[in-house]
Amino acid sequence: MSTVHAPGWAFEEAAPPKVEEVLARQRHDQENGHAPLMRASVNNLVMVTQSRTAGQRALLTIESLGARAPSRCVVLIAEPPSERQRVRSWARVAHHRHSDTGATDVVWEEVVVQTNVDPRHLPAVVLPLLLPELPVFTYWEGTPPFADEVFQELASVTDRLIVDTATFGDPLADLNRFDAAARSRQPAASDCVWSRLTAWRELLSDPFNGPPLRGTARRARRLYVEAVDPTAGLELAGWVASRLDWRLREARAVDDQYLASYDSPAGGAEVRITSTLGSASLTRAELGVETDGGEATVRIEATPTSLVTTVRAPGFPTARRFGMGSESNPLAAELEIFGRDRVFEAALRSASELADATGA
Amino acid sequence: MDVDANPFKVAERSRATSPPNAMVVFGGSGDLAHRKIIPALYSLELNRLLPQHFAVVGVSRSPYSHEEYRADMRKAVEQFSRTRPIQEQVWESFASHLFYITGSTDEAETYDKVGDLLERIEHEYGTDGNRLFYMSLIPTLFPGAIQGIGKSGIGGRGYDRGWSRVVVEKPFGHDLESARQLQALVTEVFPERDVFRIDHYLGKESVQNIIALRFANGIFEPVWNHHYVDHVQVTVAESIGIEHRGNFYETAGAIRDIIQNHALQLLALIAMEPPATFEPEEVRNEKVKVLKALRRMAGEVVDRNVVRGQYGSGWVDGQPVPAYREEPDVAPDSVVETYVAAEFLVDNWRWAGTPFFLRTGKRLPKRATEVVVQFKAAPHLPFGEAAKEGLEPNALVLRIQPNEGITLKLGAKVPGPSMQVRSVNMDFSYGTSFADDLPDAYERLLLDVMIGDPTLFPRWDSVEEAWQIIQPVLDRWSSTPPPEFPNYEAGEWGPKAADELISRHRHDRRWRRP
């Protein structure tokens, strides 16, 4: 039995039927005479990648989940099928020491499976490696092959599908395909980009909880977004449109902008999404709202360390506030959600309509 | 349709956030504000859980300007926040909503200044007229501050420009009579629905997990009664002494400090009936029913059912420590108890005849808060005497702190050719599955006050019941000579009389060693 080493941890190669044995032994023997590690099982995460390099990236992602790592992570390296089909697997127990006390371990198990079997057999490879009777999250790196058998088969054993539309090869077209998949009954679907927008959504929403903007949200007339990830701009616009009952009238792409006009309860609204460069998903979002005294604006801008909200309303002093952005690892946030997220699905639908209408 | 409703919030899965409000902290330059209140507010801001329309006003006698107060609170956050290092821009943003008024709670002028500042804040920060008054004061100053708020009209019953709520720290009263007087005074100004009595124990994640364990798991309910449970133990043990709080502790003692509030609240959570819903009043109703059902003690029954102790010098955590009577601000002949163990009975159908043993103490061997549900032994063991040596009845241990989790003691076969059975502990640690940067209890509780959710705050009838349970003990103790103090050494698990208390009806009952 060969051993693969990752920094700080040891993977042991073991045939799939022996994986549980390896994990049980590692749990018992773990680390220099420390007490055996206790396992408290919460959920499974399957990370689907297409190459060994991507599989290594997936392992780093799991490590970065730290305290929120799922109980059992299966990294599936699904290589193109070939005549000489084979399955190799490695396993290890990992744990994270709580930074404050140093006493409590979060324990999880990693199983790497590299295979080139026919896609229709992938569930048969993965299923025996999952912890029984616990939810299965599947994170698909890059664009899932929505129409292919491998996607259909793995989706059938998944409770929640997570993608990162920022990594989609053809963001707008793939967003449409993702929306179509999300609208199917199972599994529930989500997007890491949506998690990255959590802080933007909360900060954009908050000024409408009190004066002077309370009760004015439905009088919004324009939304300008500067987007680094095209799908982030579309999903934010989709969220605003779906929350405010905007109906898409027309949209077009002009240079590096998407321009759209909507029918809205206030008589019409405009959306402009400009592509830009930056380190966050968005660099700026500005919502213009009609008030009795004139236009009020809520603007959020990304700085290197935080998000700045600026609220301008006629007759009121300008209010500025700094807030932290969403957490750095959106996958961690997605793993806390069970079931469907109707707000996301509505936003995705609206974003997909907009992407479609621009002729993408 | 509510035209004021925020359509962005509808159906959103995101966390509960507070409505606009201004929070006034009386005792704003005090220890609690430094250690807990302001760091908790900063953490809430950092996690985007405070509204944009929010401000804090500290009120104390220390002469600070707004800027000096902000600088002082920044140091407090740097020292005590669970989220360090401080995030510069977020702090600046938070600090711009932080104000200070120099004033005494017994001067009317103070409340006028607070009222003027709140008006300005409401205009500039849009706090909607909602006001939260936090009484971070020593008990003798409560009444003056409450009355000051009422008389000045800046909050309380006569105030109608928004909601106004008051947060009161424990202890709520010194005894039954003083608690009733305080309640009369508080409710003269604030209706009961606006009074939030904070017991930080109830904000702990692990205490809330008692509710989850009991009511999210169907397997426990059938055995959660006198048919299967032999007895219940609640332990609140501290290894520290009185930590420069001699003046306070001399007037309180362990029974007022822990048993009257934390320990009885834990007992209520363990013994309560399942609420129909998790609505605040439903949960509070069930808790108070338990306290009402606790059998009252009086006279000699107190002597039999309650043990008090006081620590002498000894060793704790590898260090020699002085006796209680040698601590600063403690009388050399003090008869104040630093340890209490008591047996309670819950006179209802579920728990008839099942004793609940509560104990708390200072300078015990380690810090541990836990609840032990000790089950009865299996009715018949088909093993030989030798085979079952080391086998004890099942026990479910709910560890509140530290190392939050659950231990279930089970019987298991010892591997080998013969049928030997032993007890083994199956440990579940919340940290192995949910470890995260847990919010401080104050963060959760402050947010609940702003949202207006009183579930985790003891209601007056619950506080009054707890005092009614404790008062006869206090009366008995004040009329009879105390045991010879000190009666346990620092570093021991309390006086021997406590061991006798738990084993007097059944010789095999003993305190679990945490």
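The values are calculated or read from the model by the stated rules, or taken from the named source; none is laboratory data. None of the values given here were measured: they were computed from a predicted structure. All Cβ positions, even for glycine, are placed from backbone atoms using ideal geometry, and neighbour counts span all protein chains on display. Quick note on the areas: whole protein, heavy atoms, side chains included, nothing else; ligands and nucleic acids left out. Shrake-Rupley method; radii C 1.70, N 1.55, O 1.52, S 1.80 Å.
Observations
- In the protein assembly as shown, the DSSP beta bridges split such that about 60 percent are antiparallel, to the nearest 5.
- Diffusion coefficient, µm² s⁻¹, Stokes-Einstein with Kirkwood Rh over alpha-carbon pairs of chain A at 25 °C and 0.890 mPa s: 111 µm²/s
- Centroid-to-centroid, using Cα positions, region B:222-281 and region A:274-290 are 52 Å apart.
- For A:A15 and B:F220, the FRET efficiency from 1/(1 + (r/R0)^6), where r spans their Cβ atoms and R0 equals 45 Å, is about 0.65.
- To the nearest ten degrees, helix A:171-183 and the longest principal axis of the Cα atoms of chain A are 80 degrees apart.
- Cα-based equivalent ellipsoid, region A:191-266: semi-axes from gyration tensor eigenvalues, Å: 21, 18, 10
- Rough spin-label spacing in nm, given labels placed 7 Å along Cα→Cβ, for B:H66 and B:D333: 5.6 nm
- For B:H231, residues with placed amide H under 5 Å, excluding near neighbours: B:Q374
- Taking every residue in A:210-217 and counting other chain Cβ atoms within 10 Å of its Cβ, the average works out to 6.
- In the complete set of protein chains, residue-level accessible area for B:S96 is approximately 50 Å², probe 1.4 angstrom.
- The residues packed around A:V289, meaning those with a beta-carbon under 12 Å from its beta-carbon, carry a net charge of +3 if Lys and Arg are +1 and Asp and Glu are -1.
- Taking the charge dipole of the protein assembly as shown about its Cα centre, with +1 at Lys and Arg Cβ atoms and -1 at Asp and Glu Cβ atoms, the residue from B:L41, B:T369, B:A252 reaching farthest to the positive side is B:T369.
- The listed residues B:T17, B:T140, A:T310 rank as B:T140, B:T17, A:T310 when sorted by accessible area, largest first, using a 1.4 Å probe.
- Among the listed pairs A:K18/B:K204; B:K9/B:K204; B:K204/B:K292; B:K9/B:K75; B:K113/B:K170, those beyond 32 Å (Cα-Cα): A:K18/B:K204; B:K9/B:K75
- Prolate/oblate/rounded label for region B:408-504 (Cα gyration tensor, a/c 1.5): oblate
- With all protein chains modelled, accessible area of B:W477 [1.4 Å, Å²]: 30 Å²
- Since only B:G411, A:S306, B:I469 are under comparison, the one whose Cα sits farthest along the positive direction of the charge dipole of the protein assembly as shown, derived from C-beta charges on Lys, Arg, Asp and Glu, is B:G411.
- Extension gain for the segment A:R88 to A:D148, taken as residue separation times 0.36 nm less the Cα-Cα distance, is 19.3 nm to one decimal.
- Surface accessible to a 1.4 Å probe, A:M324 within the full protein complex, Å²: 50 Å²
- Residue among A:P265, A:A15, A:A182 farthest towards the positive dipole end of chain A, charges placed on Cβ: A:P265
- For region A:257-277, backbone nitrogen atoms closer than 18 Å to the point 7 Å from A:E250 Cα along Cα-to-C-beta are found at A:257-264, A:267-273.
- Percent of beta bridges antiparallel (DSSP, chain B, rounded to nearest 5): 55 percent
- Just the protein heavy atoms count here, and of the accessible area of the protein assembly as shown at 1.4 Å, carbon and sulfur take up 51 percent.
- Size of electric dipole in chain B: Cβ of Lys, Arg +1 and of Asp, Glu -1, about Cα centre, debye, nearest 20: 1560 debye
- Cα-based helix-to-principal-axis angle, B:176-189 vs chain B, degrees rounded to 10: 30 degrees
- Chain B shape via C-alpha gyration tensor axes, a/c threshold 1.5: prolate
- Label-point separation, A:T53 to A:T305 (7 Å along Cα→Cβ), nm: 3.5 nm
- Unit charges on C-beta of K, R, D, E only; dipole of region B:273-418, Debye: 320 debye
- Antiparallel DSSP beta bridges within region A:209-273, percent to nearest 5: 75 percent
- Taking every residue in B:83-96 and counting other chain Cβ atoms within 10 Å of its Cβ, the average works out to 3.
- Cα gyration tensor category, rounded, prolate or oblate, for the protein assembly as shown with a/c compared to 1.5: oblate
- For the peptides B:102-112, B:352-362, residues were scored by their other Cβ atoms within 10 Å and the scores averaged per peptide; the highest-first order is B:352-362, B:102-112.
- Given charges at beta-carbon only (K, R positive; D, E negative), |dipole| of the protein assembly as shown in Debye: 1240 debye
- Burial ranking of peptide ranges B:122-133, B:498-509 (average Cβ count within 10 Å, highest at the top): B:122-133, B:498-509
- Segments B:447-454, B:412-419, B:225-232 sorted - mean Cβ within 10 Å per residue, highest first: B:447-454, B:225-232, B:412-419
- Note on B:K366: lysines with a C-alpha under 19 Å away, same-chain residues under 8 apart excluded, are B:K496.
- Folded to 0 to 90 degrees: helix B:108-125 orientation relative to chain B principal axis, Cα: 80 degrees
- Within chain A, helix-based [θ] at 222 nm, where runs of 4 or more DSSP H residues each add -39,500 (n - 2.57), nearest 500: -8000 deg cm²/dmol
- Placing a pseudo-label 7 Å from each Cα along the Cα-to-Cβ vector at B:R245 and B:D461 gives an inter-label distance of 3.0 nm.
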